[in-house]
Amino acid sequence: MKLARIAILLAVAAFSIPQHLFAQEILAATPPMGWNSWNKFQCNVDENLIRQTADAMVKSGMKDAGYQYVVIDDCWQTARDKGGNIIADPEHFPSGIKALADYVHSKGLKFGIYSDAGEKTCAGRPASRGHEFQDARQYAAWGVDYLKYDWCNTSTQDARGSYALMRDALNAAGRPIVFSLCEWGTAKPWLWGNGIGNLWRTTGDIQDRWAGRKEWKPGDCCSNGMLDIVDAEDGLESYAGPGHWNDPDMLEVGNGGMTLPEYHAHFSLWAILAAPLISGNDLRDMKPEIQEILTNKEVIAVDQDKLGRQGRRVRKDGDLEVWARPLEGGNRSAVLLNRGTVEKSITVKWGDLDYPGQMSADVRDLWQKKDLGKFKGEFSAPVAPHSAVMITIKP
């Protein structure tokens, strides 16, 4: 009798909680996958680009590979009206944001938008400080599914408080919206982001470069080469998991600044890190080899593994490294990374993966899409310079 009463009370409690809060709990159960306009187009955005990108996401096979979100970054907004409502650029978005979101949804995709926690966005457009609840209601009315929220022009604001305020606004708006915190890692959002956002940037911006930090604008911090960002992720793995992910920034695959082997390494490392896979190239004009990288379903499956465990560096010998993560069902995936300028053999030992040293396991190469056979205790492979080999290990 007592158990029955408890069951009734729990059922009543469940029905009394707003349904959008249940949805919020399961948002981004695996790292979000999609496209963002900034890396390739920056402020050169309009509704035709977004519509064509949605079309290309379907036609290219990216939707079938798991990509969902089409996200407009900065520069879509121009002002606020007398009531304080945000206004989309009438020249570049004449049909309005609601019509654009509807078009993206008609393709079976989800729609994302951008704002900033400060007085102005990074490009100097109107931001959301002081308008958080008003903007969140507008996003929900438009059909927004994803919000990237930047950190420019914030002066002395407290990061945690500012992002929590927008989280509350999104929750109150009544629509499930994935919340991407773009605070650049300055206030260590991995320490407090879980429960506020679904993903949080861990570093400054990525640039389409193998390695090396460079000043982006005078007075700004730095933009990072791909490997500089990877280095910053090691040690943060315990903070990531279903619904709350470390975000090493968007993908540069296909933007022309790296070689094809470097892009293979870039995509492999993002997958081993359980990173959001947000492409930043022009989907309307992809070379077949770039499309092949972005739609490799075996590599994507590692990124999207339901166990949700971020990988870490398990071996380092100068320029030769092994990064690995556990997968659902007791399997492992590993990336053998050669940072150097000459081909070298790289070995991953089963002990690096918390496997018994004498165990036999099946190894599969995810880029060759080829089973390599059984190996006992370890696996070695030649790795070209500035490249990576990605494998799965199954006992």
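Take the residue pairs Lys349/Lys394; Lys40/Lys188; Lys214/Lys344 and return only those whose Cα atoms are more than 21 Å apart.
Exceeds cut-off: Lys40/Lys188; Lys214/Lys344.
How high is the FRET efficiency from Leu260 to Glu328, r the C-beta distance, R0 25 Å, rounded to 0.05?
Efficiency at R0 = 25 Å is approximately 0.25.
What percent does the relative contact order of the chain come to when contacts are Cα pairs within less than 8 Å and at least six residues apart?
13
Determine one quarter of the surface area of the Cα convex hull of the stretch 312-394, which equals its mean projected area, and express it in nm² to one decimal.
The orientation-averaged projected area of the Cα hull of the stretch 312-394 comes to 4.9 nm².
Just for the chain, what percent of DSSP beta bridges are antiparallel, to the closest 5?
Once the DSSP bridges in the chain are tallied, antiparallel ones form about 65 percent.
What's the angle, to the nearest 10 degrees (0 to 90), between helix 132-142's Cα axis and the longest principal axis of the chain?
Value to nearest ten degrees: 80.
For the chain, find the longest principal axis of its Cα atoms and tell me its angle to the long axis of helix 97-106, 0 to 90°, nearest 10.
In the chain, helix 97-106 runs at an angle near 40 degrees to the longest axis.
Size of the dipole of the chain about the Cα centre, Lys and Arg at +1 and Asp and Glu at -1 on the beta carbon, nothing else charged, in debye to 20?
I would put it at about 1020 debye.
Which one of Phe111, Phe267, Phe41 has the biggest mean-square fluctuation once the chain is modelled by GNM with Cα springs under 10 Å?
Among Phe111, Phe267, Phe41, the largest GNM mean-square fluctuation belongs to Phe41.
Under a plain spin-label model, where a point goes 7 Å from the Cα along Cα-to-Cβ, how far apart in nm are Ala301 and Met359?
1.9
Only Cα pairs under 8 Å and at least 6 apart count here; give the relative contact order of the stretch 312-394 as a rounded whole percent.
RCO, the stretch 312-394: 32 percent.
Provide the gained length on full extension for the span Ala172 to Asp319, in nm with one decimal, where the gain is 0.36 nm per separating residue minus the Cα-Cα distance.
Difference between extended and current length: 48.0 nm.
Do the sum for the chain: with -39,500 (n - 2.57) for every DSSP H run of n ≥ 4, divided by all residues, what is the mean residue ellipticity at 222 nm, to the nearest 500 deg cm²/dmol?
Helix contribution divided over all residues of the chain: -8500 deg cm²/dmol.
Would you mind telling me which residue in Asp249, Asp354, Asp228 has the biggest mean-square fluctuation in a Gaussian network model of the chain, where springs connect alpha carbons within a distance under 10 angstrom?
Result for the chain, Cα springs under 10 Å: Asp354 fluctuates most.
Taking 0.36 nm per intervening residue step and subtracting the Cα-Cα distance, what contour gain separates Glu292 from Ala164 on full extension?
42.2 nm
Obtain the nm distance between the two label points defined at Asn44 and Gln368 by a simple spin-label model: each point lies 7 Å from its Cα along the Cα-to-C-beta direction.
Result for the modelled spin labels: 4.0 nm.
What does the extension gain come out to for Ala232 and Ser380, with contour length at 0.36 nm per residue minus their alpha carbon separation?
50.7 nm
Check cross-link reach from Lys63 to the lysines: straight Cα distance under 18 Å, and skip same-chain residues fewer than eight apart.
Here the lysines satisfying the reach criterion relative to Lys63 are Lys107, Lys110, Lys287, Lys297.
Cα convex hull of the stretch 19-303: how many Å³ per residue?
Here the figure is 121 Å³ per residue.
What is the Å³ per residue value for the convex hull set by the Cα atoms of the stretch 217-327?
For the stretch 217-327, the hull spanned by Cα atoms encloses 136 Å³ per residue.
Could you check the spin-label model distance between Ala29 and Glu119? Points 7 Å from the Cα along Cα→Cβ, value in nm.
According to this spin-label approximation, the distance is 4.4 nm.
Each reported figure results from applying straightforward, stated rules to the coordinates on display, with no laboratory input. Owing to the predicted nature of the structure, the values given are computational and were not obtained by experimental measurement. As a convention, Cβ positions derive from the backbone with ideal geometry for all residues, glycine included, and neighbour counts pool all protein chains shown.
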